[in-house]
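A quick write-up on the structure given underneath.
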Amino acid sequence: MARDMIPVYLFTGFLESGKTKFIQESMEDKKFNSGDKTLLLVCEEGIEEYDPSSFWGQNVYFAQIENEEDLTEENLTRIANEHMLDRIIIEYNGIWQLPALYAAMPKNWAIYQQMFFVDGSTFLTYNANMRSLVVDKLNDAEMVIFNRADSPNVDKEQFHKIVRGINRRSAIIYDYPDGKVEYDEIEDPLPFDKNAPVIEIGDDDYALWYRDLSEDLEFYIGKTVKFKGMVARSPELSSNSFIIGRPIMTCCADDIAYSGLVCRVPSPTPLRDGEWVTVKAKISYENCNLYKKKGPVLTADGTSFAVKPQNEVATFY
């Protein structure tokens, strides 16, 4: 690979989740460790330790970052420049937020693969008590590996629901102590019919639909949707336009954000901020002053009064 771009293999997870063991075994595998000059950057000290003497070849360099404040672009650049590297492996500290790493990564580092390791026996406890850290690691994970999958605390349906509530693209794998590996094959249909003449979004499904719209916008152009939302007015819109949406919570109360779409009706509307209405509208993709660019715009014949949902804040789970 060209010197100006270095692929990064990023391993995340909490203590005793299996990161070190997996990296150790990968580096002992000649198919993975075939001689590429590799920096192993360790950001936490766990119970297990690496045994570099068993690594094939003399091509692996170690570096450690013990404090989050040392996670800076200058420091990472200095570490990388000590060697001519083909790739970087990062064992990331489970209690550090990933945006800190993203902000510190040198411009010529590119994340090639990101894996989240989980101790299946403690996952639900972490999710209940450290939800923001779980969401942080799940957001961009391409693969989630649940170790100790034979634990009585492993509830695959619940695990699947938690992962899919944050990341619909990640592969989910269960790793058993006897070496057996099982892929999650739970069907994950959306709770609304995308192919219906009118796509009706239930009160509990707004967050899922809003995310699906953002990920698959091209599909929705020209489609008609019906849902309940809260009105917001903006001076940047004409008198016959408003915003309709819902507050969405991803992981905790601190990240609740109103997420809505511009909606246009035939004539000026007296709707006020905070009113709840139901709209049936066709989705188009066009320039909009509020978005400062092209975006999804709803065109409705009108609105009807709606009682606000039992849970005003929409969630993914």
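The values are calculated or read from the model by the stated rules, or taken from the named source; none is laboratory data. Keep in mind the model is a prediction, meaning the values are calculated, not measured. Positions of Cβ are generated from backbone atoms using ideal geometry, with glycine treated the same way; all protein chains shown enter the neighbour counts. We work out accessible area using only protein heavy atoms, side chains counted, and drop any ligands, DNA or RNA first. Shrake-Rupley method; radii C 1.70, N 1.55, O 1.52, S 1.80 Å.
Quick rundown of the values:
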{"read-out": "Count - residues of the range 276-315 that are in a loop (DSSP other than H, G, I, E, B) and open to solvent by less than 30 Å² (accessible area, probe 1.4 Å)", "value": "2"}
{"read-out": "Residue tally, condition β-branched (V, I, T) and closer than 14 Å to E68 by Cβ, over the range 88-128", "value": "2"}
{"read-out": "Residue match in the range 154-168 (condition: in a loop (DSSP other than H, G, I, E, B), open to solvent by 60 Å² or more (accessible area, probe 1.4 Å), of a type outside the set (A, V, I, L, M) and modelled with pLDDT under 95)", "value": "yes"}
{"read-out": "Condition broken by E68, with the remaining ones in (1) of a type in the set (D, E); (2) within 22 Å of A253 (Cα to Cα); (3) open to solvent by 70 Å² or more (accessible area, probe 1.4 Å) satisfied", "value": "(2)"}
{"read-out": "Residue that is surrounded by the fewest Cβ atoms within 10 Å (Cβ to Cβ) [pool: residues in the range 1-14 that are modelled with pLDDT of 90 or more and not aromatic (F, W, Y)]", "value": "P7"}
{"read-out": "Options D29, D36: the member that is touching an Asp or Glu at 6+ places or on another chain (Cβ under 9 Å) and over 16 Å from L98 (Cβ atoms)", "value": "D36"}
{"read-out": "Filter pass, K294 being without any contact (Cβ under 8 Å) to a residue 24 or more places away in the chain and out of contact with any Pro (no Cβ under 9 Å at 6 or more places or on another chain)", "value": "yes"}
{"read-out": "Qualifying positions in the range 261-275 - outside any loop (DSSP other than H, G, I, E, B) and open to solvent by 20 Å² or more (accessible area, probe 1.4 Å)", "value": "R264"}
{"read-out": "S53 being open to solvent by less than 40 Å² (accessible area, probe 1.4 Å), hydroxyl-bearing (S, T, Y) and either over 19 Å from E82 (Cβ atoms) or in contact with a Gly (Cβ under 6 Å, 6 or more places away or on another chain) (or both)", "value": "no"}
{"read-out": "Every pair of residues 6+ apart whose Cβ atoms lie under 6 Å, when the first sits in the range 108-136 and is under 17 Å from F316 (Cα atoms) while the second is assigned to a helix (DSSP H, G or I) and open to solvent by 40 Å² or more (accessible area, probe 1.4 Å)", "value": "V134/Y126"}
{"read-out": "Odd one out for A196, checked against (1) surrounded by 12 or more Cβ atoms within 10 Å (Cβ to Cβ); (2) without any contact (Cβ under 8 Å) to a residue 60 or more places away in the chain; (3) within 24 Å of K308 (Cα to Cα)", "value": "(3)"}
{"read-out": "Qualifying residue in the range 229-236 (condition: among the basic types (K, R), at pLDDT 95 or above and buried (at least 17 other Cβ atoms within 10 Å of the Cβ))", "value": "no"}
{"read-out": "Within the range 85-97, considering residues that are touching a Lys or Arg at 6+ places or on another chain (Cβ under 9 Å) and crowded, with 18+ Cβ neighbours inside 10 Å, the one nearest to N33 (Cα to Cα)", "value": "L85"}
{"read-out": "Any hit, the range 178-191, residues being open to solvent by 60 Å² or more (accessible area, probe 1.4 Å), of a type in the set (V, I, T) and modelled with pLDDT of 90 or more", "value": "yes"}
{"read-out": "Considering residues of the range 128-144 that are open to solvent by 10 Å² or more (accessible area, probe 1.4 Å) and either touching a Phe, Trp or Tyr at 6+ places or on another chain (Cβ under 9 Å) or of a type in the set (D, E, K, R) (or both) only, the residue nearest to E215 (Cα to Cα)", "value": "D140"}
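This table checks each residue for (1) farther than 24 Å from F32 by Cα; (2) in contact with a Leu (Cβ under 9 Å, 6 or more places away or on another chain); (3) hydroxyl-bearing (S, T, Y).
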site: E48; (1), (2), (3): no, no, no
site: N67; (1), (2), (3): yes, no, no
site: T72; (1), (2), (3): yes, no, yes
site: I79; (1), (2), (3): no, yes, no
site: H83; (1), (2), (3): no, yes, no
